[in-house]
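What follows is a short report on a single structure.
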Amino acid sequence: MRVTTPAELDVLVVGAGFSGLYALHRLRILGRRVHVIEADDDLGGVWYRNRYPGARCDIESVDYCYSFDDSIVQEWTWTERYPAQPEILRYIEFVVDRLDLRSGITFDTRVTELHWDDGDALWRVATDRGDRLTARHVIMASGQLSTPRLPDIEGIADFAGVLAHTGDWPREGVELSSKRVGVIGTGSSGVQAVPQVARQAGHLSVFQRTAHYAIPARNHDLDPSYVAELKARFQEYREIARHHPGGTHRHIGTESALDVDPAALEETFHRHWEHGGPDILAAYRDFRTDERAAEKAGEFVKERIREIVADPETAERLCPKGYPFGSKRLVLEIDYYTTFNRDNVSLVDVATDPIVRVDGNAVVLESGARHELDVLIAATGFDALTGPLFAIDIRGVGGRTLPEAWADGPRTFLGISTHGFPNLYIVAGAGSPSVLSNMLISIEQHVEWITDFVQYQYKSGIVRAEARSEAQDRWTQEVYDVAEPTLFMKGSSWYVGANVPGKPRVFMLYLGGVGHYRDVCDQVAADDYAGFTLDRAKDPA
Ligand code: NA7
């Protein structure tokens, strides 16, 4: 049964994924009138929707989990190094049942309007189910990679077969067995889906525009004794990650890849390749900043691709070109490259012969080549970070919309708050470490910081908190200054909005390190939320 949304709230939380669920739990403990509205008909956010074959997290399961309640840590046992989507969803359901959160969530309801009422210092909220409510505070827990994008290809929406986006996979699944299947997109989602789809499909055509660097995940079942040992010292283990630049336990190399001798370099690369996972990114200090250093890792990966893929022409096409290693998200693969040795798989190079339209059940290329398909899978990514916010009509002081305020790219104070939109908080969004960190570390940190701030306001009689424009300008500059010397700007990826036509090309994430970022946020709180204008309730006349 649909839970009725209360008409008046202290805090509205938008989204029932990892962020929103923790915000609900914490605000309940703090005694606030809090409620979650979720567009989907069940829990999990992106982990509810990304149920395509092969969907898996690229952060290790023992790190990709909550730490705030040690009994949950002790009761839950992960089974694989990298958790697959069904296991993550089971984990979320376990936590929700354990904390009895369902009664605080209205599902199947999309927040459509958030309009700030400066006179009453509250948000006026509307939903697509006709709800009207007010909330003094709003926490946007609506995700970072939660607005799927179909490519701008003429006719794609009218594809005559079954069309499915990896980021919004049909709940009932997609019949792939013996079908002619096409996958457009070879980022993390495409690389995960392709081997699984190939095993079921009659024939699979992989439409590749950009080859991505992929490193073996080396996924495996977890040794129960390793899990038990980690649980015994979990809080200590997690505390280290909270202060680590990436929110992980990754060793960060201090040497330059340009200074070490070639044999040592090769040995390091092989060690990482055999171990699997993304830690190779931090093997040398200059992979993020020096193209010549990054190229050494890039060349190593290309040599491996040429070793694995039997057909030399296909291997060459799978070798990334034109951008530095590490400047786009490093993809973790399981059987991706070997899949191109199968007889029922072909790689279609749509960089040299682009897709021009979808006609009936065919993908048509510029050359006129037609690929007739029964199923077309778009693994074409998301309108990252700002997409989920812009999908709602958010209007701040004076009726200004968020897209107007962010016309040149997101401007935030700490990534949490934005000038002109009082009492609105964004979890792990643009301007924070977000998706360049272990998201669960960042989510817990943000939710704790935001909910503490909300509670501070209630305790101090504050009804309105707005980021100051000077504080926001300084922070936005800091985000830019830290990103500027890195290679990320050369990656033309969703990190810089490059996958959405017309989106401002700015690097949207804070690269100054998770640990340092936490210190900055803590200092702002310790200084009574310096950087915010705080207004107390007016005395009744
Ligand atoms: P990504 O990483 O944004 O990848 C999308 C892919 O789709 C990428 O290979 C694109 O090629 C491709 N694409 C998009 N439009 C087209 C057209 N028109 N023709 C051909 N190919 C196209 O999305 P993912 O879902 O894989 O991963 C997103 C994040 O989610 C991931 O990094 C993890 O953090 C989880 P392009 O590179 O633009 O040439």
By per-residue mean of other Cβ atoms within 10 Å, what is the highest-first order of 43-51, 377-385? 377-385, 43-51
Please report the antiparallel percentage of DSSP beta bridges with both residues in the chain, rounded to the nearest 5. 40 percent
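Counting only protein chains, not ligands or nucleic acids, how are 533, 248, 451 ordered by accessible area (probe 1.4 Å), most first? Could the numbers behind the result be given before it?
On the way: 533 45, 248 25, 451 0 Å².
The most accessible residue leads, giving 533, 248, 451.
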Determine the alpha carbon to alpha carbon distance for each of 296/321; 302/503; 296/490; 296/503 and list only those over 22 Å. 302/503; 296/503
Might you work out the accessible area of residue 14 for me, using a 1.4 Å probe with all protein chains in place, and round it to the nearest 10 Å²? 10 Å²
Dividing the alpha-carbon radius of gyration of the range 407-541 by 2.2 N^0.38 Å (N being the number of residues), what value is obtained? 1.11
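Please give the charge dipole size of the chain, origin at the Cα centre, charges +1 on K and R Cβ atoms and -1 on D and E Cβ atoms. Round to the nearest 20 debye. Please report the intermediate quantities before stating the final value.
Values: 57 positive and 80 negative charges, 157 e Å.
Magnitude of the dipole: close to 760 debye.
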Computed over the range 131-289, the distribution of all Cα-Cα distances in 10 Å bins, rounded to whole %, is 7, 22, 26, 25, 17, 3, 0
Accessible area (Å², 1.4 Å probe, nearest 10) - residue 133: 10 Å²
Binned at 10 Å from zero, the C-alpha pair distances of the chain give percents of 3, 18, 28, 27, 17, 6, 1, 0, 0
Taking a probe of 1.4 angstrom, what is the accessible area of residue 370 in Å², to the nearest 10? 110 Å²
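Could you put 295, 274 in order of accessible surface area, largest first, with the 1.4 Å probe and the full protein assembly present?
Values: 295 70, 274 110 Å².
Reading off the accessible areas and sorting them downward yields 274, 295.
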Where does the Debye-calculated log10 I(q)/I(0) of the range 234-377 sit at q = 0.15, 0.20 Å⁻¹, using only Cα point scatterers of equal weight, no solvent? -0.90, -1.24
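Need one number: convex hull volume per residue for the range 1-149, Cα atoms only, in Å³.
Working: hull volume 18.4 nm³, N = 149.
Looking at the range 1-149, the number lands at 123 Å³ per residue.
Any idea what the dipole of the range 273-384 comes to, in debye rounded to 20, about its Cα centre with Lys/Arg Cβ at +1 and Asp/Glu Cβ at -1?
Working: 14 positive and 22 negative charges, 72 e Å.
So the dipole magnitude of the range 273-384 works out to roughly 340 debye.
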Which distance in Å, rounded to a whole number, links the C-alpha centroids of the range 439-494 and the range 152-190? 36 Å
Calculate, axis by axis, the spread of Cα positions in the range 324-444 along the three principal axes, and write the results as whole Å, longest axis first. 57, 33, 27
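When the helix-only estimate is applied to the chain (DSSP H runs of n ≥ 4, each -39,500 (n - 2.57), divided by the residue count), what is the mean residue ellipticity at 222 nm, nearest 500 deg cm²/dmol?
Working: 16 runs with 169 residues, N = 541.
Calculated mean residue ellipticity at 222 nm is -9500 deg cm²/dmol.
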Read phi for every residue in the range 85-92 and hand back ³J(HN,Hα) as whole Hz from Karplus 6.51 cos²θ - 1.76 cosθ + 1.60, θ = phi - 60°, with x for Gly and Pro. 3, x, 5, 5, 5, 4, 4, 4
Cα→Cβ-extended label distance, 7 Å offset, between residue 237 and residue 390, nm: 4.0 nm
Name the residues of the range 285-320 whose amide N is less than 15 Å from a point 7 angstrom out from the Cα of residue 251 along the C-beta direction? 285
Just to check, using Stokes-Einstein with a Kirkwood Rh over alpha carbon pairs, what's the diffusion coefficient of the range 282-337 at 20 °C and 1.002 mPa s in µm²/s? 178 µm²/s
Counting only protein heavy atoms, what percent of the accessible surface of the chain is carbon or sulfur at a 1.4 Å probe? 48 percent
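In terms of solvent-accessible area of protein heavy atoms at a 1.4 angstrom probe, what is the ranking of 4, 418, 486, highest value first? Intermediate values should be presented prior to the final figure.
Details: 4 110, 418 0, 486 25 Å².
Final ranking, largest accessible area leading: 4, 486, 418.
Give the calculated FRET efficiency between residue 520 and residue 80 to the nearest 0.05, with a Förster radius of 25 Å applied to their Cβ-Cβ distance. Display every interim value, and only then the final one.
Values: r = 35 Å, r/R0 = 1.39.
The formula returns an efficiency of 0.10 here.
Computed FRET efficiency, Cβ-Cβ of residue 321 and residue 199, R0 22 Å: what is it to the nearest 0.05? All intermediate terms of the calculation are to be shown ahead of the outcome.
Values: r = 28 Å, r/R0 = 1.29.
Once the sixth-power term is evaluated, E becomes 0.20.
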Residues of type aspartates and glutamates that residue 459 reaches as a straight line, Cα spacing below 12 Å, ignoring anything fewer than 8 places off in the same chain: none
In whole Å, how far is the Cα centre of the range 358-402 from that of the range 36-105? 26 Å
Averaged per residue, what accessible surface does the chain expose to a 1.4 Å probe, in Å²? 40 Å²
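The values are calculated or read from the model by the stated rules, or taken from the named source; none is laboratory data. Because the structure is a prediction, the values reported are computed rather than measured. We place every Cβ from the backbone using ideal geometry, glycine too, and count neighbours over all the protein chains shown. Heavy atoms of the whole protein, side chains included, go into the accessibility calculation; ligands, DNA and RNA do not. Shrake-Rupley method; radii C 1.70, N 1.55, O 1.52, S 1.80 Å.
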